[in-house]
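Colleague: Provided herewith is a single structure, encoded as structure tokens, for subsequent inquiry.
What follows draws every value from the coordinates through simple rules; no lab data is involved. Worth saying up front: this structure is predicted, and the values here are computed from it rather than measured. Neighbour counts are summed over all protein chains in view; Cβ atoms, including those assigned to glycine, are modelled from backbone coordinates with ideal geometry.
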Amino acid sequence: MGLIPYSKQSIGEEDLLAVERMMKDDFLTQGPQVSEFEKDLAGWFGVKQAVACSSGTAALHLAYSSLGIDENSIGIVPAVTFSATANALKYQGAKPIFCDVDPESGLIDLESVEEILNNLNPNQKRSKNLIVPVSLTGSVAPLKGCRILADKHEFCVVEDASHSPGAWREESDGNKIKSASGEWSDASTLSFHPVKHVCCGEGGAILTNSAEIRKHAVKLRSHGIQRPFGPEHETPWAYEQDELGWNYRLSDIHAALGRSQLKCLKNSLLKRREIAARYRELLGKKPFSSHFGLPNEEKGHAWHLFVLRFRKPGRRDQAHKFLKERGIMTQVHYVPLYRHPYFEREMGKIRLPGAEKFFEGCLSIPLFPNLTKGEQDAVVNEIARFIEKG
Ligand SMILES: Cc1ncc(COP(=O)(O)O)c(C=O)c1O
């Protein structure tokens, strides 16, 4: 058996044909595929608007900038996430504030958010500010709680849904909270990196119910330039730039691949859920349970990642090494952002208890739709050998 990666894209014949067709088209970029992809995305997620762009990072940056986040703003970001969630605030000159996370799920901790909000300088409310819940690993963040706190303190909410297309959570009152539904956030963002649910190679999107956010994001995606006049005007060619934007456009080639991949999303979610259920069954028994915890059972989990939580300090790193030597690749998602030299230089030394606890034990084991039963067994068997070895 070859190397087993922790994640990998699934590209089928239809995807290949879609890309091949596009390569023969007149428009490789700025053609009709992008807006068709946006319509498909809006339909799939049940939102009014979608804006496709060149990466998940670009989607975060466009969402923040379209909401008016600037150098006077703060953004409350969970300490356990990928750098992009906070970096995109820095691109706007805004200040990220890291809040703590639940030590078992890694999801944003509402008490920690509330504490930050209650201790804010009252002048801060004069600016546009943000809370950015991340639906980490494919488990829906407490979006409703974030929305309630945000409304109380006049903050906006952007959900980083890079890990969670198709995810939902049932609340204690029986209500379903859906990731990226536009119901609890001003905007949600997706990534189409190959390890994510929908692969474009590189790509991302904003999902929102706000026509205003879409209009602004579309302008900023292409340098801040817009065409003010329709085809009937005497200078229909006219265009103007009234603010600074970027080239964050998605090409039509990437959009064609995204459209084809989106058709398989339901099926690939099913496969991810099946593999996660099998892992839970095989790894949920003794002797494993005394060595590591498993992710909570959630029907609506989108299973971008399957994270073991080793109980004893140091065992996570030993397991990573042991498995790597046997061709099984695992990953750590994530080093708390405040531990990176870049943020530590700016903010000083920060250590948050929930984030530290999660980080110390977390190890993502292979999970992707085409992971075969044989490969799943190999992962489980090698973990068993690691435990036996002690
Ligand atoms: C939580 C999270 N946010 C944002 C991003 C950025 O996405 P991209 O790599 O498409 O820029 C990623 C990608 O890994 C991510 O995992």
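Colleague: Highest first, please rank the peptides 354-364, 283-293 by the mean number of other Cβ atoms sitting within 10 Å of their residues.
Modeller: The peptides rank, most packed first, as 354-364, 283-293.
Colleague: Taking the Cα centre of region 1-137 as the origin and placing charges on Cβ (Lys, Arg +1; Asp, Glu -1), which of 94, 46, 56 is farthest toward the positive end of the dipole?
Modeller: The residue sitting farthest along the positive end of the dipole is 94.
Colleague: Who wins for biggest fluctuation among 111, 71, 243 in a Gaussian network model of the chain, springs between alpha carbons below 10 Å?
Modeller: The residue that fluctuates most here is 243.
Colleague: Please arrange 173, 186 by how many other C-beta atoms lie within 10 Å of their C-beta, fewest to most.
Modeller: Details: 173 6, 186 22.
Placing the least packed residue first, the sequence is 173, 186.
Colleague: Rank these for me by crowding, 329, 1, 22, going from fewest to most other beta carbons within 10 Å. Spell out each step's value before the answer.
Modeller: Values: 329 16, 1 11, 22 21.
Final ranking by Cβ density, sparse to dense: 1, 329, 22.
Colleague: Per-residue HN-Hα couplings for region 371-378, Karplus 6.51 cos²θ - 1.76 cosθ + 1.60 at θ = phi - 60°, whole Hz, x for Gly and Pro?
Modeller: Result, rounded to whole Hz: 5, 6, 4, x, 5, 4, 5, 4.
Colleague: Treating only the Cβ of Lys, Arg, Asp and Glu as charged (+1, +1, -1, -1), what charge dipole size does region 266-389 show about its Cα centre? Round to the nearest 20 debye. Mind showing how you got there, number by number?
Modeller: Numbers: 25 positive and 14 negative charges, 35 e Å.
About 160 debye.
Colleague: Could you check which residue among 46, 138, 182 shows the biggest mean-square fluctuation in a GNM of the chain with a 10 Å Cα cutoff?
Modeller: 46
Colleague: Relative contact order of region 215-297, please, whole-number percent, based on alpha carbon pairs below 8 angstrom and at least 6 residues apart. Before the final figure, lay out each step's value.
Modeller: Working: 53 pairs, mean separation 17.5, N = 83.
Contact order relative to length: 21 percent.
Colleague: Which one of 200, 236, 220 is farthest out on the positive end of the charge dipole of the chain, using unit charges on Cβ (Lys, Arg +1; Asp, Glu -1) and the Cα centre as origin?
Modeller: Result: 200, furthest along the dipole toward the positive end.
Colleague: How long are the semi-axes of the equivalent ellipsoid of the chain, defined as square roots of 5 times the Cα gyration tensor eigenvalues? Whole Å, largest first.
Modeller: Details: eigenvalues 252, 151, 61 Å².
For the chain, the semi-axes come out at 36, 27, 17 Å.
Colleague: Then there is this: If I take the Cα coordinates of region 351-390 and project them onto the principal axes, what are the three extents in Å, biggest first?
Modeller: The Cα atoms of region 351-390 stretch 40, 29, 7 Å along the principal axes, largest first.
Colleague: Evaluate the charge dipole of the chain about its Cα centre and quote only its size in Debye, nearest 20, assuming +1 on the Cβ of each Lys and Arg and -1 on the Cβ of each Asp and Glu. Working shown, then result.
Modeller: Details: 50 positive and 49 negative charges, 273 e Å.
That gives the chain a dipole magnitude of about 1320 debye.
Colleague: What order do you get for 255-266, 228-239 when each peptide is scored by the mean count of other beta carbon atoms within 10 Å, highest first?
Modeller: On the way: 255-266: 21.8, 228-239: 8.8.
Peptide ranking by packing, descending: 255-266, 228-239.
Colleague: Determine ³J(HN,Hα), in whole Hz, for all residues of region 242-259 in sequence, where each value follows from phi through the Karplus function 6.51 cos²θ - 1.76 cosθ + 1.60 and θ = phi - 60°; x replaces Gly and Pro.
Modeller: The phi angles translate into 10, 7, 8, x, 9, 9, 10, 6, 8, 6, 5, 5, 5, 5, 5, 5, x, 4 Hz.
Colleague: Here's a follow-up. Can you show me the helix-derived [θ] at 222 nm for the chain, built from DSSP H runs with n ≥ 4 at -39,500 (n - 2.57) apiece and divided by the number of residues, rounded to the nearest 500.
Modeller: Details: 13 runs with 149 residues, N = 390.
Per the formula, -11500 deg cm²/dmol.
Colleague: I need 242, 26, 377 ordered by Cβ neighbour count within 10 Å, fewest first.
Modeller: On the way: 242 10, 26 6, 377 13.
In increasing order of surrounding Cβ atoms, one gets 26, 242, 377.
Colleague: On C-alpha positions alone, give me the angle between the axis of helix 13-23 and the longest principal axis of the chain, in degrees, nearest 10.
Modeller: Roughly 30 degrees between the two axes.
Colleague: Tilt of helix 56-66 relative to the longest C-alpha principal axis of the chain, in degrees (0 to 90, nearest 10)?
Modeller: 50
Colleague: Further question on the same structure: Using a 10 angstrom cutoff on alpha carbons, build the Gaussian network for the chain and name the most mobile of 116, 177, 74.
Modeller: Greatest mean-square fluctuation among the candidates belongs to 116.
Colleague: Relative contact order for region 13-262 using alpha-carbon pairs under 8 Å, separation at least 6, rounded to a whole percent? Provide the component values of the computation, followed by the final result.
Modeller: Working: 539 pairs, mean separation 65.0, N = 250.
Dividing the mean separation by the residue count of region 13-262 yields 26 percent.
Colleague: For region 253-345, build the charge dipole from Cβ charges (+1 Lys, Arg; -1 Asp, Glu) around the Cα centre, then report which of 283, 337, 262 sits farthest towards its positive end.
Modeller: 283
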